[in-house]
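Each value in this text was obtained by applying a stated rule to the coordinates, not by laboratory testing. Note that the coordinates shown come from a computational prediction; the quantities given were computed from them, not determined experimentally. Methodologically, a virtual Cβ is constructed for each residue, glycine included, from the backbone with ideal geometry; neighbour enumeration extends over all protein chains shown.
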Amino acid sequence: MPITKMTGIAASDGIAIAPVYLLAEPDLSFETKQVEDVTAEVARVDLAVTQATAEITAIRNTAAESLGEEEAQVFDAHLMFLSDPEFVGQVKTKIEDEKINAEAALKEVSDMFVMMFSSMEDNPYMQERAADVRDVSERMMAVLLGVKLPSPATINEEVIVVAHDLTPSDTAQLNKQFVKAFVTNIGGRTSHSAIMARSLEIPAIVGTGSILDSVADGQVIIVDALEGEIITNPTPEDIETYNEKALAYEQQKAEWAKLVDAETVTKDGHHVELAANIGTPKDAEGAVNNGAEGIGLYRTEFLYMDSADFPTEDEQYEAYKAVLEAMEGKPVVVRTMDIGGDKELSYLDLPEEMNPFLGYRAIRISLDQQDMFKTQLRALLRASVHGALRIMFPMIATLPEFREAKEILLEVKNELLAEGIAVSDDIQVGIMVEIPAAAVLADQFAKEVDFFSIGTNDLIQYSMAADRMNERVSYLYQPYNPSILRLIKNVIDAAHAEGKWTGMCGEMAGDQIAAPILLGLGLDEFSMSASSVLKTRSLFSKLNKSEMEALADVALNQCTTNEEVVALVAQATADL
Ligand code: PEP
Ligand code: MG
């Protein structure tokens with residue numbers, strides 16, 4: 001009896017029914033053979049080059065069309081390499097000299113090039129070229145072997161992508177017109193593929209454990225990303241049931257959509273700000289369409305991760321300006337780059353660490369490699385005249401870190417002014433509170449910052465000592481644990497005591513169980529995936545702030561576990 005139902009973590013809302021597109025590692029194994037007809041073998045190489053060039057060009061064009069020129073640029077480097085006569089020439093020479101098959105010659109030459117490039121460890125440009133050689137050779141090898149390489153950027157019919165995991169760049173290549181959902185073996189609600197799925201508004205289930213081994217390419221499956229369930233062998237009745245459920249969900253979304261221009265106000269007249277988290281300038285459109293009142297978190301590291309080298313000051317300026325302009329004067333909180341942890345940057349040569357989440361990352365890198373930091377700050381300050389910019393530093397643990405970052409910001413501002421470049425004089429500067437030490441010391445920070453934004457994705461993992469990506473300890477990842485709620489209250493109260501505001505840009509802000517309590521605790525700004533904005537506005541319109549204050553008090557002082565808080569909120573909101 002085949003498995004019919006699997007479960008995972010619902011990471012991005014929605015329901016989809018479509019054939020599977022397996023994004024699995026292709027089998028490119030081959031045997032080394034001696035050949036007699038050397039000319040024929042050389043001709044196979046020419047054919048592989050021609051076909052690989054055609055495939056990469058097609059991928060490049062699709063990626064440029066659906067995702068933008070920036071995402072497409074990596075393929076230009078591949079094309080350039082393929083047209084380099086040196087590489088292909090060496091493959092042919094090897095066939096002629098050693099009378100071996102094209103596969104064997106290609107493998108030997110590509111290994112040699114990769115080794116040569118990657119041995120130049122200090123040269124990020126060469127490291128990138130090594131990656132290009134690997135990609136291009138893999139594609140040529142696939143042509144020679146007649147194997148189809150999965151390429152998410154070229155998907156042009158409705159599918160559900162199934163993979164072990166998706167890297168941020170895989171995720172960025174997904175065209176939501178065709179990719180109806182994705183499902184992965186690993187990952188959690190706050191892993192970056194999950195966060196990107198929400199900003200692309202693609203339904204997703206992650207952390208299934210074994211989806212990749214449980215379905216075949218082309219098999220129709222149902223993904224219910226509202227519940228975190230996958231029906232792998234649906235009957236016609238299942239399909240009908242889920243089509244109805246999908247329709248009901250669409251109708252609910254249509255109801256929420258009516259609130260797109262409404263203010264966010266509770267039943268008893270209390271206003272809060274509902275903002276969206278974005279990863280790229282293009283996401284700002286989704287924020288506007290979903291009625292966000294601002295951007296509460298622009299994760300700028302994606303700008304670095306989607307590029308083959310450090311983005312220049314001008315490239316960054318254009319990106320920040322685009323977001324500020326798209327938001328038409330509404331506040332935009334831009335976080336300086338948060339590289340490290342699970343967000344790698346191939347051209348920034350970081351040594352491997354035992355505990356990357358506790359290591360050299362985010363503001364620690366920025367304060368250490370100040371040229372890179374200053375370039376980002378210059379771009380931000382130059383863009384500040386195009387809207388209401390707020391700058392935020394990630395992973396602040398101590399006040400001296402904040403002071404140093406702010407001082408560098410001031411220094412850069414003075415440099416720009418001296419150069420005659422205009423800078424807004426109304427830029428708020430704040431910090432992410434995502435390290436427990438900063439949450440505990442919030443009263444002292446509140447005297448120096450303009451605002452806090454609580455990063456619960458990390459705050460929870462650091463407080464509970466439970467890796468946010470590790471399913472085996474995910475039971476400890478407890479947003480509603482009274483200990484977390486008390487830390488959050490400490491931060492909000494500390495800000496208010498100094499007349500400052502507190503936002504939250506961790507996933508918890510858009511969580512329908514957490515939001516009522518956060519409202520009761522007095523959180524001022526809630527920043528979440530654009531797709532959660534309208535349903536949260538609808539939820540708040542049905543709540544009384546005064547009742548939520550009482551609810552929060554019980555949660556913090558009478559509940560002892562995560563589960564008790566969930567039950568408390570569920571009971572309090574059951575009739576809405
Ligand atoms: C957080 O830690 O809550 C956060 C918003 O940042 P990121 O998810 O990018 O680490
Ligand atoms: Mg974080």
**Asked** How many angstrom lie between the C-alpha centres of the stretch 505-576 and the stretch 355-378?
**Response** 34
**Item:** Förster-model FRET efficiency, 25 Å R0, Asn233 and Ala24, C-beta, rounded to 0.05
**Value:** 0.80
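Nearest 5 is fine: what % of DSSP beta bridges in the chain come out antiparallel, could you say?
Numbers: 17 of 58 bridges.
Within the chain, antiparallel bridges account for around 30 percent of the total.
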**Message:** With the crude spin-label approximation of a point 7 Å out along Cα→Cβ, what separation in nm comes out for Val147 versus Asp349?
**Reply:** 3.1
**Prompt:** If amide H atoms are built 1.01 Å from N in the plane of the peptide, which residues on other chains or at least 5 residues away come under 5 Å of the amide H of His270?
**Reply:** Lys545
**Asked** So for the pair Asp76, Asn156, with labels modelled 7 Å out along Cα→Cβ, what separation do we get in nm?
**Response** 2.3
**Complete:** Of the residues Ile195, Trp501, Pro26, the Cα lying farthest along the dipole of the chain towards its positive end, which is defined by charges on the beta carbon of Lys, Arg, Asp and Glu, belongs to Trp501
**For the stretch 47-190: relative contact order, % (alpha-carbon pairs under 8 angstrom, 6 or more apart)** = 24
**Message:** Given points 7 Å out from each Cα along the Cα-Cβ axis, report the Ala567 to Glu96 separation in nanometres with one decimal.
**Reply:** 8.0
**Request:** Please report the relative contact order for the stretch 205-312, taking Cα pairs under 8 Å with a sequence separation of at least 6, and give it as a percent rounded to a whole number.
**Result:** 15
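Starting from the Cα-Cα distance between Val220 and Val38, subtract it from 0.36 nm times their residue separation and give me the gain in nm to one decimal.
Working: separation 182, 0.36 × 182 = 65.52 nm, distance 4.49 nm.
Between Val220 and Val38, full extension yields 61.0 nm more.
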**Estimated dipole of the stretch 126-235 in Debye, rounded to 20 [Cβ of Lys and Arg +1, of Asp and Glu -1, Cα centre]** = 200
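Hey, with R₀ at 22 Å, roughly what FRET efficiency would Lys176 and Glu138 work out to, going by the Cβ-Cβ distance, to 0.05?
Working: r = 26 Å, r/R0 = 1.20.
It comes to 0.25.
With a 10 Å radius around each residue's Cβ, average the other Cβ atoms per peptide and rank 548-557, 203-212, highest first. Show your work: numbers first, answer last.
Details: 548-557: 18.3, 203-212: 23.9.
Packing order, densest peptide first, comes out as 203-212, 548-557.
Which of Lys176/Lys253; Lys176/Lys542; Lys176/Lys545; Lys99/Lys148 have a Cα-Cα distance over 29 Å? All intermediate terms of the calculation are to be shown ahead of the outcome.
Working: Lys176/Lys253 17 Å; Lys176/Lys542 32 Å; Lys176/Lys545 37 Å; Lys99/Lys148 27 Å.
Distance filter (> 29 Å) returns Lys176/Lys542; Lys176/Lys545.
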**Prompt:** In the stretch 339-418, which GluC sites (Glu not before Pro) are in a loop and have at most 11 other Cβ atoms within 10 Å, using DSSP for the loop call?
**Reply:** Glu352
**Prompt:** What is the dipole size for the stretch 276-365, taken about its Cα centre, with +1 at each Lys and Arg Cβ and -1 at each Asp and Glu Cβ, in debye to the nearest 20?
**Reply:** 380
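Okay, helix-only estimate at 222 nm for the chain: each DSSP H run of n ≥ 4 adds -39500 (n - 2.57), divide by all residues, round to 500 deg cm²/dmol; what do you get? Walk me through the numbers on the way to the answer.
Values: 23 runs with 282 residues, N = 576.
Estimated from H runs of four or more residues: -15500 deg cm²/dmol.
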**Value of relative contact order over the chain, rounded to a whole percent, pairs C-alpha under 8 Å and six or more apart** = 15
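Would you mind putting 306-314, 282-290 in packing order, based on average other-beta-carbon counts within 10 Å, highest first? Don't skip to the end; give the middle numbers.
Details: 306-314: 16.3, 282-290: 20.0.
Highest mean packing first, the order is 282-290, 306-314.
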**Prompt:** Based on DSSP H assignment, which helices of the chain show an axial Cα extent of at least 30 Å together with a mean Kyte-Doolittle hydropathy greater than or equal to 0.0?
**Reply:** 38-67
**Fill in**
Ranking Val433, Thr336, Ile222 by how far each Cα lies towards the positive end of the charge dipole of the chain (+1 on Lys and Arg Cβ, -1 on Asp and Glu Cβ), the top one is Val433
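What's the tally of Lys pairs in the stretch 266-398 whose alpha-carbon atoms lie under 19 angstrom apart, where the two lysines are 8 or more places apart or on different chains?
Values: Lys282/Lys321; Lys282/Lys330; Lys321/Lys330; Lys321/Lys374.
Number of lysine pairs found: 4.
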**Ordering of 447-458, 535-546, 519-530 by burial proxy (mean other Cβ atoms within 10 Å per residue, highest first)** = 519-530, 447-458, 535-546
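Using +1 on the beta carbon of Lys and Arg, -1 on that of Asp and Glu, and nothing else charged, what's the dipole of the chain about the Cα centre, debye to 20?
Magnitude of the dipole: close to 1280 debye.
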**Item:** At R0 = 60 Å, FRET efficiency that the Cβ-Cβ distance of Glu240 and Met120 yields, to 0.05
**Value:** 0.50
